[in-house]
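Q: Mind having a look at this structure? Questions to follow.
The values are calculated or read from the model by the stated rules, or taken from the named source; none is laboratory data. Please read all numbers here as calculations on a predicted model, not as lab measurements. No Cβ is skipped: glycine too gets one built from the backbone with ideal geometry, and neighbour counts run over all protein chains shown.
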Amino acid sequence: MFNKKASDPKNKPDQIIEAIALKPGQIIADIGAGGGYFSLRFAKIVGREGKVYAVDVNPDFLEFIKNSAKEKKLNNVITKLTTENRLDLPEKSLDFIFMRNITHHISNRVKYFENLKKFLKPDGRVIIIEYKPGKSLSFRGIFGHHVAKEIIVREMEEAGYLLEKEFDFLPEQHFTIYSTRYTSTTR
Ligand SMILES: C[S@@+](CC[C@H](N)C(=O)[O-])C[C@H]1O[C@@H](n2cnc3c(N)ncnc32)[C@H](O)[C@@H]1O
């Protein structure tokens, strides 16, 4: 179900991939990987020298991703079972952390975002795509599956990040990219 939505052309997956500009050999964590649509696309781009950590709280989703990666002969996808308070990733290792439609699940986001920094390389980036608040009587409205862009930007700044880029081509979501405060470009 997640992959059907993620791959739907109206959600512009190709443009998302293009905007991230991931390169061969890079390392990315897809946190809240769901059905793994983006994890597998990233795995093809980063190639044998790169790595994708597909991270989720749901072991069944991770099993599905593991099997899909195996079928597609992608040996660079590593699945990681997580809880909100325990992320098992190597420190200072990631070029990117990608979070699509997951921040609404996180309760103390500032603390969560602060903790992510230790897994990033000094020039690492955090990519957040999240639903904009829509109609209050929609499924997303009723279940609170959205966070306004202004809230995410403020929380990321509180957590010590700088908003570096934002894209407005997605119809239902906002899409922002952050660096940590002191990267080689801001120093
Ligand atoms: C709406 S789905 C999005 C899936 C995928 N990112 C996509 O765009 O297709 C949200 C995913 O986040 C996972 N999730 C929820 N809370 C999480 C947490 N604290 N850490 C990691 N994953 C989480 C859920 O199990 C689910 O797979």
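Q: So which residues in segment 21-34 are under 15 Å from the mean Cα position of the chain (by Cα) and surrounded by fewer than 20 Cβ atoms within 10 Å (Cβ to Cβ)? Break it down stepwise before answering.
A: Pass one, segment 21-34, residues under 15 Å from the mean Cα position of the chain (by Cα): 21-22, 26-34.
Ala21 - this is the single residue of segment 21-34 that is under 15 Å from the mean Cα position of the chain (by Cα) and surrounded by fewer than 20 Cβ atoms within 10 Å (Cβ to Cβ).
Q: Next up: Residue check: is Asn11 modelled with pLDDT under 95 and closer than 23 Å to Pro133 by Cβ? Give the steps one after another, and end with the answer.
A: Values: modelled with pLDDT under 95: yes; closer than 23 Å to Pro133 by Cβ: yes.
Judged against the criteria, Asn11 is a match.
Q: Of the residues Asp60, Asp56, which is surrounded by 20 or more Cβ atoms within 10 Å (Cβ to Cβ), within 21 Å of Phe2 (Cα to Cα) and within 15 Å of the ligand (Cβ to nearest atom)? Steps first, answer last, please.
A: Working: Asp60 fails: surrounded by 20 or more Cβ atoms within 10 Å (Cβ to Cβ).
On inspection, the qualifying residue turns out to be Asp56.
Q: Does segment 129-138 contain at least one residue that is under 29 Å from Asp60 (Cα atoms) and modelled with pLDDT of 95 or more?
A: Among the residues of segment 129-138, at least one is under 29 Å from Asp60 (Cα atoms) and modelled with pLDDT of 95 or more, which makes the answer yes.
Q: Another question about this same structure. So for segment 105-121 (the condition being part of a strand (DSSP E or B) and within 18 Å of Val153 (Cα to Cα)), does at least one residue qualify?
A: Let us first name the residues in segment 105-121 that are part of a strand (DSSP E or B), namely 120-121.
Retained after the next criterion (residues that are within 18 Å of Val153 (Cα to Cα)): none.
Scanning segment 105-121, I find no residue that is part of a strand (DSSP E or B) and within 18 Å of Val153 (Cα to Cα), so the answer is no.
Q: Another one. If you check Ile45 against the conditions, is it surrounded by 15 or more Cβ atoms within 10 Å (Cβ to Cβ) and out of contact with any Lys or Arg (no Cβ under 7 Å at 6 or more places or on another chain)?
A: Working: surrounded by 15 or more Cβ atoms within 10 Å (Cβ to Cβ): yes; out of contact with any Lys or Arg (no Cβ under 7 Å at 6 or more places or on another chain): yes.
Answer is yes for this residue.
Q: Residue by residue through segment 5-22, note down the ones that are touching a residue at least 24 places away in the same chain (Cβ under 8 Å) and not polar (S, T, N, Q).
A: Applying the first criterion (touching a residue at least 24 places away in the same chain (Cβ under 8 Å)) to segment 5-22 yields 6-7, 10-13, 15-17, 19-20, 22.
Listed by number, the residues that qualify are Ala6, Lys10, Lys12, Pro13, Ile16, Ile17, Ala19, Ile20, Leu22.
Q: Do you know which residues across segment 21-51 are among the aliphatic types (A, V, I, L, M), under 17 Å from Gly124 (Cα atoms) and in contact with a strand residue (DSSP E or B) (Cβ under 6 Å, 6 or more places away or on another chain)?
A: Residues satisfying the conditions are Ile27, Ile28, Ala29, Ile31.
Q: Also, quick follow-up: Of the residues Glu130, Glu150, Glu91, which single one is surrounded by 20 or more Cβ atoms within 10 Å (Cβ to Cβ), acidic (Asp, Glu) and either more than 11 Å from the ligand (Cβ to nearest atom) or not in a loop (DSSP other than H, G, I, E, B) (or both)? Lay out the reasoning, then the answer.
A: Details: Glu150 fails: surrounded by 20 or more Cβ atoms within 10 Å (Cβ to Cβ); Glu91 fails: surrounded by 20 or more Cβ atoms within 10 Å (Cβ to Cβ).
None of the others qualify; the one that does is Glu130.
Q: Could you go through segment 7-27 and let me know if any residue there is more than 23 Å from Glu164 (Cβ to Cβ) and within 12 Å of the ligand (Cβ to nearest atom). Before the answer, list the steps.
A: Going through segment 7-27, the residues more than 23 Å from Glu164 (Cβ to Cβ) turn out to be 7-10.
With within 12 Å of the ligand (Cβ to nearest atom) added as a condition, the list becomes 7-8.
Yes, there is a match, as at least one residue in segment 7-27 is more than 23 Å from Glu164 (Cβ to Cβ) and within 12 Å of the ligand (Cβ to nearest atom).
Q: Here are some residues: Ile102, Ile45, Ile78. Which one is in contact (Cβ under 8 Å) with a residue 12 or more places away in the chain, within 11 Å of the ligand (Cβ to nearest atom) and either closer than 21 Å to Glu18 by Cα or hydrophobic (A, V, I, L, M, F, W, C) (or both)?
A: On the way: Ile45 fails: within 11 Å of the ligand (Cβ to nearest atom); Ile78 fails: within 11 Å of the ligand (Cβ to nearest atom).
Step by step, each of Ile102, Ile45, Ile78 is checked, and only Ile102 is in contact (Cβ under 8 Å) with a residue 12 or more places away in the chain, within 11 Å of the ligand (Cβ to nearest atom) and either closer than 21 Å to Glu18 by Cα or hydrophobic (A, V, I, L, M, F, W, C) (or both).
Q: State which residue is nearest to the chain's Cα centre (by Cα) when the search covers only segment 39-48 and only residues that are farther than 16 Å from Ser7 by Cβ and modelled with pLDDT of 95 or more. First the steps, then the outcome.
A: Our first condition is that a residue be farther than 16 Å from Ser7 by Cβ; within segment 39-48, this holds for 46-48.
Now restrict to residues that are modelled with pLDDT of 95 or more: 46-47.
Details: Val46: 15, Gly47: 19 Å.
It comes out as Val46.
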